[in-house]
Amino acid sequence: MRAAYEHALQHARERVQWGRPIIEHQHVSKKLFECYQAIEAARAYLWKGSWLSKERFPGDLKTSLGAKTFATELAVKHTTEMVQVLGGYGISREYPVEKYARDALLLRIMDGTNETLMNKAQSTWTERTGWAPERWTR
């Protein structure tokens, strides 16, 4: 996600449309800023999971699984947005953003699909909080 963001940011600074760089267009700058926010949020969540794993082995499974699924879903969403910032160039194999978007999709299934990991995280969460809907306990 970060590599796609950096490439799209550079492209937006250089590409001129209607007499000004496209980064000055509100919609493009909004996409770039939202991607920046997602990068920072995912990084903080992943660091928290890593820190918990270091502090108390084996760490907090709920946080680790949550960080992985959160980061990969954001990567898919925002690399797709960065493809759009590049417009037609974004889907061309001549530009790396196209590959970043394909790679982001693979992150959803590496080390277990996000759906499976979410089910595991949810069951861990319900065990620790003591909350289980009535229909689950029958």
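The values are calculated or read from the model by the stated rules, or taken from the named source; none is laboratory data. None of the values given here were measured: they were computed from a predicted structure. Glycine also receives a Cβ, built like all others from the backbone with ideal geometry; neighbour counts cover every protein chain displayed.
Details
- Subset of region 51-66 (residues that are assigned to a helix (DSSP H, G or I) and either surrounded by fewer than 14 Cβ atoms within 10 Å (Cβ to Cβ) or not aliphatic (A, V, I, L, M) (or both)): TRP51, SER53, LYS54, GLU55, LYS62, THR63, SER64, GLY66
- Complete set of residues in region 51-74 that are more than 16 Å from GLU115 (Cα to Cα) and touching a helix residue (DSSP H, G or I) at 6+ places or on another chain (Cβ under 6 Å): LEU52, GLY59, ASP60
- Residues within region 97-119 that are surrounded by 13 or more Cβ atoms within 10 Å (Cβ to Cβ), basic (Lys, Arg) and more than 12 Å from the chain's Cα centre (by Cα), tallied: 1
- Verdict on LYS48 being among the basic types (Lys, Arg), surrounded by 19 or more Cβ atoms within 10 Å (Cβ to Cβ), farther than 25 Å from GLN84 by Cβ and in contact with a helix residue (DSSP H, G or I) (Cβ under 7 Å, 6 or more places away or on another chain): no
Per-residue answers, yes or no, for (1) farther than 30 Å from LYS120 by Cα; (2) loosely packed, with under 14 Cβ neighbours inside 10 Å; (3) under 15 Å from the mean Cα position of the chain (by Cα); (4) aliphatic (A, V, I, L, M):
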position: SER29; (1), (2), (3), (4): yes, no, no, no
position: LYS68; (1), (2), (3), (4): no, no, yes, no
position: ALA75; (1), (2), (3), (4): no, no, yes, yes
position: ARG93; (1), (2), (3), (4): yes, yes, no, no
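- Some residue of region 118-131 being assigned to a loop (DSSP other than H, G, I, E, B), among the hydrophobic types (A, V, I, L, M, F, W, C) and modelled with pLDDT under 80: yes
- Contacts under 6 angstrom Cβ, first residue in region 54-65 being under 12 Å from TRP125 (Cβ atoms), partner surrounded by fewer than 18 Cβ atoms within 10 Å (Cβ to Cβ) and not basic (Lys, Arg), 6 or more apart: LEU61/THR124; LYS62/THR124; LYS62/TRP125
- Residues in region 16-42 that are among the basic types (Lys, Arg) and either in contact with a Phe, Trp or Tyr (Cβ under 6 Å, 6 or more places away or on another chain) or in contact (Cβ under 8 Å) with a residue 12 or more places away in the chain (or both): LYS31 only.
- Residue that is surrounded by the fewest Cβ atoms within 10 Å (Cβ to Cβ), among those in region 3-27 that are among the small types (Gly, Ala, Ser) and within 30 Å of THR63 (Cα to Cα): ALA3
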